[in-house]
Amino acid sequence: MSMSPTELRNSRLAERMIKNLARRNMQAFYCPTAQEAVSKVLELIPAGSSVTWGGSMTIRDIGIPDALRAKGCYDVLDRDLVEGDEAKVQMYVRAFTTDVYLSSANAISEDGVIVNIDGNGNRVAAITWGPKKVIFIIGINKVAQTVEAALARARSTASPINAARFDIKTPCQTDGVCHNCNSPESICNYVHFLRNSPRGKHTVILVGEPLGY
């Protein structure tokens, strides 16, 4: 079956980005569909691994937590089942000792720089240090032409939507526009750029569907 113009563009873009990510010491794959991405995640995680994830709607929306549990061969640390602030903090700390940490991204540039903005910092901290392996699952909608455009997407698209999702009282929640604020409830406290992967710690799965925010 021939590809549609959109599918063809996505495939060619992903092919270019995979080469750019390789130059940054990151292994990368392209999955045209979310279902294929879930299969690729399971393929990349060895049996017996301890696994957890960050606050990603992509991971939840495409069913990765359920797929991990259904596989029955992983030590799954499910942060979504933990209640209470102290217990959540302990789960965040335990994430640093896992074999595999799963995350999405707020944006990624065409030349392979991954951009994330965090409120608490636990996600960008785990991406940076601790878990033996980090696997990103990133929808094609999060690709931006440049690093500057990726940062703009993270601040002006992802952050206002996440503020609305958590009903956080920030200026961007009110009008959907980034005000570069210092609000007490700001979720833009930590800005993280992943330029290169030390020791090949990071893997990227690009997905040819719009996923997450």
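The values are calculated or read from the model by the stated rules, or taken from the named source; none is laboratory data. Source: prediction; values computed, not measured. Neighbour counts are summed over all protein chains in view; Cβ atoms, including those assigned to glycine, are modelled from backbone coordinates with ideal geometry. Ligands, DNA and RNA are stripped out before the accessible areas are found, and what is left, the full protein with its side chains, is counted by its heavy atoms. Shrake-Rupley method; radii C 1.70, N 1.55, O 1.52, S 1.80 Å.
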Subset tally (residues that are open to solvent by 50 Å² or more (accessible area, probe 1.4 Å), in a loop (DSSP other than H, G, I, E, B), out of contact with any strand residue (DSSP E or B) (no Cβ under 7 Å at 6 or more places or on another chain) and not charged (D, E, K, R)) for the range 146-192: 6
Enumeration of residues in the range 148-207 that are more than 23 Å from Gly112 (Cβ to Cβ) and among the basic types (Lys, Arg): Arg165, Lys169
The range 1-26 - residue that is touching a helix residue (DSSP H, G or I) at 6+ places or on another chain (Cβ under 7 Å) and touching a residue at least 24 places away in the same chain (Cβ under 8 Å) and, of those, nearest to Val204 (Cα to Cα): Asn25
Condition met for Glu86 (under 16 Å from Gln27 (Cα atoms) and more than 13 Å from the chain's Cα centre (by Cα)): no
Answer residue from the range 112-145, given it is surrounded by 23 or more Cβ atoms within 10 Å (Cβ to Cβ) and of a type in the set (Lys, Arg) and is farthest from Val207 (Cα to Cα) among those: Arg123
Test: residue in the range 123-136 that is among the β-branched types (Val, Ile, Thr) and not in a helix (DSSP H, G or I): yes
